[in-house]
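Please treat every number below as a calculation from the coordinates, not as lab data. Because the structure is predicted, anything quoted here is derived from the model rather than measured. Note that we place each Cβ from the backbone using ideal geometry, even for glycine, and neighbour counts take in every protein chain shown.
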Amino acid sequence: MSLKLIKKLAYNITNNILKIIYPDKCVVCHKIITKPSDFGICEKCIKNFYIFSEESCKNNFTNDNGFSMFLYNDPIKKIIYKFKYNDCGYYAKVMGIKMGEFLLNRNLFSCDLIIPVPIHWRREQKRGFNQTEIMAKEISKILGIPTYSDFLIRVKNTKPQFGLNKEGRIKNVEGAFKIIKPKKFLGKDVLIIDDIYTTGATINECLKIIKNCGARNLYYFTLASTKKL
Ligand SMILES: [Zn+2]
């Protein structure tokens with residue numbers, strides 16, 4: 001590795017860390033943040049975030065074995081758009097830290113391993129990272145549970161789920177994933193992490209194939225959900 005490349009890498013790492021610790025502009029409204037904010041979002045914008053209550057999470061968890069942190073409304077839409085299309089992986093990191101703390105405070109279940117919903121390698125190459133993997137790794141650090149991003153891969157570069165109806169979404173992700181290390185799931189409690197929950201088609205496809213490997217209990221947790229819990 002050349003010295004120039006090392007310097008560039010060091011700069012990027014330092015810069016990203018600084019952005020997390022001292023986010024200078026609000027990610028939603030782009031105004032300068034004067035008071036410290038752990039989300040990197042100003043006080044005015046944070047009021048527009050709909051965070052699911054502990055009770056609604058518990059209810060949804062009982063019915064569906066999973067829950068989400070935010071309602072997928074305008075401010076969270078902007079953040080997800082940022083890390084998906086603007087090469088801003090550090091927002092995924094900030095959100096991952098919040099998700100980890102959210103789970104830690106609720107303590108609804110225990111699991112042996114965490115699996116991020118994979119994106120196709122072509123998409124990951126284009127974006128430079130998988131935002132779900134970044135979030136899962138932050139959750140791992142907080143909960144002390146390992147994340148494995150190579151146990152489950154995406155073999156089909158599916159078209160975006162946006163704009164498809166429920167049946168179309170199910171069909172779109174059918175056979176999209178492949179288990180690489182099936183024995184690792186045997187008898188284990190597994191938590192799947194994704195960014196947006198809409199109809200559950202993607203999550204259910206992942207849960208189905210992991211269940212077929214003999215996993216014991218399966219749970220999911222997403223950054224945002226389009227349905228009110
Ligand atoms: Zn703002």
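Data for the structure
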quantity	calculated
Total formal charge among the other residues, if their Cβ is under 14 angstrom from that of residue 163, Lys/Arg +1 and Asp/Glu -1	+3
Within a Gaussian network of the chain (alpha carbon springs, distance under 10 Å), most fluctuating of 101, 167, 133	167
Cα-centre dipole for segment 60-142 with unit charges at Cβ (Lys and Arg positive, Asp and Glu negative), debye to 20	380 debye
Packing-based exposure ordering (other Cβ within 10 Å, fewest first) of 191, 143	143, 191
Percent antiparallel among DSSP beta bridges (both partners in the chain, rounded to 5)	25 percent
Linear extension gain, residue 101 paired with residue 157, 0.36 nm per residue minus alpha-carbon span	17.0 nm
Compactness of the chain as Cα Rg over 2.2 N^0.38 Å, two decimals	1.03
Computed helical MRE - 222 nm, the chain, DSSP H runs ≥ 4 contributing -39500 (n - 2.57), nearest 500	-14000 deg cm²/dmol
Cross-link pairs beyond the 29 Å C-alpha cut-off, checked among 93/159; 58/159; 84/156; 84/227; 126/178; 137/183	58/159
Sites residue 51 and residue 109 - FRET efficiency at Förster radius 25 Å, r taken between beta-carbons, to 0.05	0.85
17 Å Cα-Cα reach of residue 184 towards aspartates and glutamates, excluding residues that sit fewer than 8 places from it in its own chain	112, 150
Farthest toward positive dipole pole in the chain [+1 Lys/Arg, -1 Asp/Glu at C-beta], among 62, 81, 222	81
Theoretical FRET efficiency, 1/(1+(r/R0)^6), r = Cβ-Cβ of residue 34 and residue 227, R0 35 Å, to 0.05	0.50
Helical segments meeting 24 Å axial Cα length and Kyte-Doolittle 0.0 threshold in the chain (DSSP H)	3-21, 89-106
Sum of side-chain charges, residue 71 neighbourhood, beta-carbon under 11 Å (Lys, Arg +1; Asp, Glu -1)	+2
